[in-house]
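Inspection log for the structure reproduced underneath, given as structure tokens.
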Amino acid sequence: MSNARPHVRAPKVPGTVIAVKVKPNSRVSLLEQVEGGAWLAQLRSPPVDGKANEELLALVARHFGCRKSAVSLKSGASARTKLVRIEGPSPALQNVA
């Protein structure tokens, strides 16, 4: 008898992925949409020990009016351009794409 488990797939959570170019060590924390639908995040934190990534996730959550736990880094943990996933439907996300 095999101990293999049937393949279980987690349900897909509605969400949005945005590309964000990050500028750490800025004077102010700011998230703005620039030409072409891209996003620019100016962060006060330095890119050391994940501090800038933490600030980015909090900034995105605040900007779109969702919980911090609903925002995650999909890729680009050590890159200037990051993909950020925002889970769940949100009225503020309707115009993002």
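Any idea what log10 I(q)/I(0) is at q = 0.19, 0.24, 0.27 Å⁻¹ for the stretch 15-89, Debye with uniform C-alpha scatterers and no solvent? Evaluating at q = 0.19, 0.24, 0.27 Å⁻¹ gives log10 I(q)/I(0) of -0.70, -1.14, -1.43. Across the stretch 46-52, coupling constants 3J(HN,Hα) worked out from phi with the 6.51/-1.76/1.60 Karplus curve, θ = phi - 60°, read x, x, 10, 6, x, 5, 5 Hz, and Gly and Pro carry x. Near LYS74, the amide H atoms lying under 5 Å from its own belong to LEU83, VAL84, ARG85; only residues 5 or more places off or on other chains count, and H is placed 1.01 Å from N.
None of the figures in this text is laboratory data; all of them are computed from the coordinates on show. These numbers were taken from a predicted model, which means no experiment stands behind them.
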